[in-house]
Structure formats: structure tokens, C-alpha cells
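Below is one structure, written out as C-alpha cells; comments come after it.
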Amino acid sequence: MNKKQFLAGAASVDITPPIGTRINGDFISHYAHTIHDNLYSKALALKGAQGTDPVVLIVVDTCYMQDDFLRPIRKTISKKAGLPANNILFCCTHTHSAGAVTDLLLGAADLPYTRKLPSLIVQSALEALQNLQPAKIAFGSIDMPEHILCRRYSMKEGYNAFNPVTGGSDVVKTNPFGHERDIIGPVAKMDTQLSYLAVKSLGDQWISLFANYSLHYVGDFEAGTISADYFGEFAVQIKNILGAPDSFVGILSNGTSGEANIWDFVNSTRYPTGDFEKSRFIARDLATRIVSSIESLIWETEYNISVAYEELYFPVVKPSPIEVKHAQDIVSRSNFENITTVDNDALTRIYAREQLLLIDGPDKEVLPVQAIKIGNCIIGALAGEFFAETGLWLKQNSPVANYFSIGLANGVVGYVPPAHEIERGGYETWRCRTSKLEKGSEAIVREHLLKLINKVTFE
């Protein structure tokens, strides 16, 4: 094999949990009673024409994967593959209908599944590396604003956007279900770019297509259903439309979608309403648009690859002694087992518990940032749920036009909103284990990531 040849390999490993597995991503736990479609750990391995170590991009159909879950997996892949640990990128699709490997609010992790999943993720990476072959690659992007909406709204005077942590009112309301008449409008611009890497063998056979879109998830089906959401449906649609072989691995990663979704509160009739119909509609539209743009791509076989990785540490914001005492009083009078409806009273109890868990939790959180240059394209990795503003700022300041951010990557510290969005309040800013960094952390993260982007661009 020519050591100066660009190489690529992909693999997909089934990680579907059994019926009965806990599902998180909601305020309370759900349990799997139906498997609608299988879940996967998908890996794309790429080796530059300069002959340096490969990089592996791993996308897992799950909601959250925290740092302490991923570190041993990274170490295992690095050891077994003889690969630098920093050359591995992990990310979640952020489907809210997968096996739980992280505690989220009252949604508990499923310990048997948490023990099972790591070896399957490792397997996907090793198989992708084993499948490396001479290849060509191209970068494409399309603006697709049709399917991304800001879920944070300004509301009319007199509306109480309840904050369960402070007990007061926020300036904005996230997902104002039942209060559509009080909406003034969304508060932010979304990142609507659909970006992708297209990968083929030199014999023109499809290997993989790795896409990125900043839509949180769709979730148009009953709780307790296992599904890869529209991320999984996209993989099916893109394979079918391309007429790709069974070995093809279609991948859709999540971007900077912290305050984005597709629940249209103003025009609620524009999508089909049956179970999974909206997911299929959106996935098919994304896949169709990508396929229609492929003819204009410029394919390359001599791409070089470089990686930069850094770990940042941030103090965790914790409740004051007075807030702790207040939270203890609420929790001592709460029966969490009986919470089935998440109203303001339930939110008050759930977030009081979160304050006590924060007190006993770590004082600092690690937040990795990573930049990977693949020819004339750069991918930035952010270990949290970042807002569209962060992704748009990075695109505007990137030294190369072909740039996109992957969110929920290399761990997830929770929401990392811009400082002015924290001041506005809203669900994403309520202090808890998944929204706990100091105001101003987002600006530090994006500046550090931009330095890494510049580093891989000009080295």
C-alpha cells in the first residue's frame, strides 16, 4: 500500500439496548418497552497522505457520554490501535431515546448498559481502522434553515417564565407549550448549515458520508421507544438515495444546537403528525439535498490530516449556604417516586435535588476542545451543549471556509450558553449538574478552540 495515499475506512456496530433499559433525556426516567430502530456506534477512520497516524471520528446513538465514561474507552482504543489518544473524537447524536449512560436530572443511568457499551464503541473504532483503504474525499455544505428553530422565546408582558432554581421569573421561556399566544418571537439566530464529508474508494464505491446539522433532535414518538431519532433515519435515507453498498456507513452528527429544535410553536401544522413521520420527512429532505449537491464536489486523494487537542478546566458554580438549606427543606418533603407530571412544583423539587448534588460534586469540570484538519476542511469539537451563537462565531472567525463544529464531543459538561443568554435565563441556564459553569465560560472555550483551529490550519 502506498504510504503517501489518503486512506479511509468506516464501520458500524449495533449497540441497541434490550427492552427494560432506562432511557434518559427527560426530567424523569423512562424504560424501554419498544425498539423502533436499532442504535449504532459508527466510526470513520481517516489517514492522511503524509503517512501520519489516522484520526477516528466516532458517533454514538446516545444522549450523553460524560468524560469519566469516555476516558477509559479512549485509552483502550489508543492502546489496541497504537493510535495517539488525541486523534480520537467521540460524540453523541443526542437522541433522547437511547440507553442511559449518564444521570440526567431524575433520569438515572442504566448500569448494565453502561458496562456493555464501552466494548462496542471500541469495536467500531478498531473495525474502521481495519477497513482503511485508498480513498478520495470531498467537503460539501448546504444552507437548510427549514428545519431548525430557536426554542427560546421572548414572551408578552405579564407572562411568568418560572425559574425553579430562583423561584422568580426569567426573561425568556424555553419551549412555551400551551402558551403560544404569549409568544413575541425567538431570541437568537440558528446555525442552519448542513455540512458533510463524502468519502469514496478509488474505485468510486461509497465508503461513508459524515454529515453535521445543528438540530437538537426530533422526538416525534412515544416515551419508552428506542430509536436513533432522525439521525438514524438520515443514515437509512442517504444510503438508499445514493444506492450505496451494505458496507456504507451514513453518519449524522450534532452541531451547536443547545437552543434549537423543530417544535414550531407559531406554525404547528407544517409537518406530518404521526409517529416518526416528522423524523422521516426531515431526514429525507436533508439526504435528498445532499445527494443533489454531490455532482459539484471536488474530490481529492492527497489530503493531509492534523490534530490539536486541549483540556480546559472550569470552576463549578455551586449554591450558597442559604440556597442549600432551602433545597434541603424542599427535598426532605419531596416524594420523587410519585413525580409523573413535570409541572412547576415538580421542577422546584427536581432542581432542589440538583443543588444538593452540586454541593457534593466536583469543584471543577474538564472541558476538552479539539480541532481536526482534513485537507481543506476543519472540524471543531466542543464538549457540551453549545448555542448556535458559538458555532456561528467559530465559522465567521475560522481561517478556512470549510469549517463546522461538533457538539457533545469528547464528553459533555452540560449547557454552555453565552454570558448574555445566562442573564436572560431559560431552561438551559437553570443551575444543575448539566448547567453549572460560570458566566463567561463559553467565551473562553470558543477562543481556545479558535486557537487550535488556527494551529492546525497554519502548522
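The values are calculated or read from the model by the stated rules, or taken from the named source; none is laboratory data. Note that the coordinates shown come from a computational prediction; the quantities given were computed from them, not determined experimentally. Note: ideal-geometry Cβ built from the backbone for every residue, glycine included; neighbour counts use all protein chains shown. Side chains included, ligands, DNA and RNA excluded: accessible areas come from the protein's heavy atoms. Shrake-Rupley method; radii C 1.70, N 1.55, O 1.52, S 1.80 Å.
Heavy-atom accessible surface of region 298-428, averaged per residue, reaches 41 Å², computed with a 1.4 Å probe.
With the largest listed first and rounded to whole Å, the semi-axes of the equivalent ellipsoid of region 67-184 from the Cα gyration tensor are 41, 23, 12. Restrict the search to region 1-64; then list the trypsin sites (Lys or Arg not before Pro) that DSSP places in a loop and that have at most 12 other Cβ atoms within 10 Å of their Cβ. Sites meeting the loop and neighbour criteria: Lys3, Lys4. To check you understand DSSP bridge types, tell me what percent of the beta bridges within region 328-459 (both residues inside) are antiparallel, rounded to 5. Just about 55 percent of them are antiparallel. Distance from the alpha carbon centroid of region 27-86 to that of region 107-151 works out to 6 angstrom. Ligands, DNA and RNA aside, Asp329 has an accessible area near 70 Å² when probed at 1.4 Å. Calculated over the chain, the projected area of the Cα convex hull averaged across directions stands at 20.6 nm². So, with a 1.4 angstrom probe, what is the percent of accessible area on the chain that is carbon and sulfur? Here carbon and sulfur together make up 49 percent of the probe-accessible area. Taking each DSSP H run with n ≥ 4 as -39500 (n - 2.57) and averaging over every residue of the chain yields -9000 deg cm²/dmol at 222 nm. Debye-formula intensities of region 155-261, expressed as log10 I(q)/I(0) at q = 0.17 Å⁻¹, are -0.92 (one equal scatterer per alpha-carbon, no solvent). Here r is the Cβ-Cβ distance between Asn376 and Lys439 and R0 is 60 Å; the resulting FRET efficiency, rounded to 0.05, is 0.95. Here Lys80 is the anchor, and the aspartates and glutamates within straight C-alpha reach of less than 17 Å, apart from those fewer than 8 places off in the same chain, are Asp53, Glu127. Quick one: helix 388-397 against the long Cα principal axis of the chain, what's the angle to the nearest 10°, folded into 0 to 90? With rounding to tens, the tilt is 40 degrees. What's the angle, to the nearest 10 degrees (0 to 90), between helix 67-81's Cα axis and the longest principal axis of the chain? The helix 67-81 is inclined about 10 degrees to the chain. Considering only alpha-carbon pairs that sit under 8 angstrom and 6 or more positions apart, the relative contact order computed for region 198-320 is 30 percent. Each DSSP beta bridge with both residues in the chain is either parallel or antiparallel, and the antiparallel ones are about 75%. Rounded to the nearest 10 square angstrom, Val317 shows an accessible area of 50 square angstrom against a 1.4 Å probe. Net length available on complete extension from Glu146 to Glu459 is 108.9 nm, with 0.36 nm assigned per residue and the Cα-Cα distance removed. The distance from the alpha carbon centre of region 382-408 to that of region 305-368 is 27 Å, rounded to a whole number. Of Lys373/Lys395; Lys79/Lys364; Lys156/Lys395, which pairs sit farther than 24 Å apart, going by alpha carbon to alpha carbon? Where the Cα-Cα span goes over 24 Å, the pairs concerned are Lys79/Lys364; Lys156/Lys395.
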